[in-house]
Amino acid sequence: MARVYNFSAGPAVLPLEALQEAQADLVDYKGSGMSVMEMSHRGKEYDALHNEAIANVKELMGLSDDYAILFLHGGASLQFAMIPMNFLGEGQTADYVNAGSWGSAAIKQARLIGNVNVAADCQKDIPTRMPEAGEMKWTPGAAYSHITTNETISGAQLKVMPETGSPLIGDMSSDILSRPMDYSRFAMVYAGAQKNLGPSGVALVAMRKDFAAKGSISLPTMLRYQTHIDENSLYNTPPCFSIYMLCLTTRWLKKIGVENMFKINRDKAQLIYDAVDASSFYRGTAKKEFRSDMNVTFRLPTEELETLFIKQASEAGMKQLKGHRSVGGIRASIYNAFPVAGVQTLVDFMKAFEKRNG
Ligand SMILES: *Cc1c(COP(=O)(O)O)cnc(C)c1O
């Protein structure tokens, strides 16, 4: 078996254990004679997986029954639209922090629906960063406030969650369950699954039920959160196989524990940042205090060297290190399931590359 070190930002590496379990059960899931892809979403086998996935997420996030866990279609991007459609009524204002490409994508959708106040804007700052606590200006009585906890493209991560005075919503697509967090401070948290939770095709939403109840009632049924809460995410056919993989991934994470996972993640990221800081050849992109543990971004002296770096790393089995097309440079995405050995291999490669080309 030849598994590469896959530094992809998403869809990203999954726990090998989860893939192997899915493989073993692919054509005959637990003696049912069919694959999870082929089963009724109303049958007992699927039902057990669906509810275990919900229970796993709830336990890992430490949330009470005041919260609903939803599995929705349309990725994090549909959430950018559903949030204002449900919660940004006429005459109201929603606060958004713009700290990068994803925050700005969320704002663009909200502006199609209603009035947006940009509570802090640091998208254009280089080195990239998140806003400082005092920099964010919240609107009294805002419908909600929206933050992106980890900017996947720039590699900047919010380390302390702000006090906003209105229901807090977090796009955690690229760092959900990567660190201990008081999720109950949020009215809603959401994430496309394909970075830290499973394959693409499903978005996770954790939402306080009393917040959901305030949502607009004049929306199409599929676009209302309340529909999916009432139907336990089974109003229509859910992305069953993606939810199954999310179930296996959260089962794996429960064995490790979020606290422990965080330590592993931090150590992995630190290995690369230390290598960057120890050299004048590599240059970190994000400001130190906002460096992401999930997406480590850095530059080389020239774009030609970056191209060579990516090519030679790929030949050595380290794939997808190219930074996002909008920013260039190098991005090593090292989500929960990314192995420590892969980080060590990258760091060794960085040192050897610098020796050859520095
Ligand atoms: C990847 C990503 C998205 C977009 O997710 P989709 O599921 O592709 O819509 C949104 N926000 C953040 C922070 C991301 O990393």
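Selection of region 320-358 for residues being open to solvent by 70 Å² or more (accessible area, probe 1.4 Å) and of a type in the set (D, E, K, R) yields LYS322, ARG325, ASP348, LYS351, LYS355, ARG356. Screening GLN123 on (1) more than 16 Å from the ligand (Cβ to nearest atom); (2) under 22 Å from the mean Cα position of the chain (by Cα); (3) at pLDDT below 95 shows it passes everything except condition (1).
Pairs linking a residue in region 316-342 that is at negative phi to a residue that is assigned to a loop (DSSP other than H, G, I, E, B) and open to solvent by 70 Å² or more (accessible area, probe 1.4 Å), with Cβ atoms under 6 Å and 6 or more positions apart or on different chains, are LYS319/VAL4. Of all residues in region 185-200, how many are part of a loop (DSSP other than H, G, I, E, B) and either surrounded by 24 or more Cβ atoms within 10 Å (Cβ to Cβ) or near the ligand (Cβ under 9 Å from one of its atoms) (or both)? Number satisfying all stated conditions: 8. Within region 302-358, restricting attention to residues that are under 26 Å from the mean Cα position of the chain (by Cα) and of a type in the set (S, T, N, Q), the residue that is farthest from ASN265 (Cα to Cα) is SER326.
Go through region 297-319 and give me each residue that's farther than 21 Å from VAL13 by Cα and either among the polar types (S, T, N, Q) or open to solvent by 70 Å² or more (accessible area, probe 1.4 Å) (or both). Answer for region 297-319, where residues must be farther than 21 Å from VAL13 by Cα and either among the polar types (S, T, N, Q) or open to solvent by 70 Å² or more (accessible area, probe 1.4 Å) (or both): PRO301, THR302, GLU303, GLU304, THR307.
Criterion applied to MET130, MET181 was being within 16 Å of the ligand (Cβ to nearest atom) and closer than 18 Å to ALA105 by Cα, and the one residue passing it is MET130.
For ILE153, the criteria (1) open to solvent by 30 Å² or more (accessible area, probe 1.4 Å); (2) within 12 Å of the ligand (Cβ to nearest atom); (3) within 17 Å of the chain's Cα centre (by Cα) hold in every case but one, which is (1). If you go through region 219-234 and keep only what is without any contact (Cβ under 8 Å) to a residue 24 or more places away in the chain and surrounded by 15 or more Cβ atoms within 10 Å (Cβ to Cβ), you end up with GLN226, THR227.
The values are calculated or read from the model by the stated rules, or taken from the named source; none is laboratory data. Since we're looking at a predicted model, the values are computed, not measured. Backbone-built Cβ (ideal geometry, glycine too); neighbour counts: all protein chains shown. All accessible areas refer to the heavy atoms of the entire protein, side chains included, with ligands and DNA or RNA removed. Shrake-Rupley method; radii C 1.70, N 1.55, O 1.52, S 1.80 Å.
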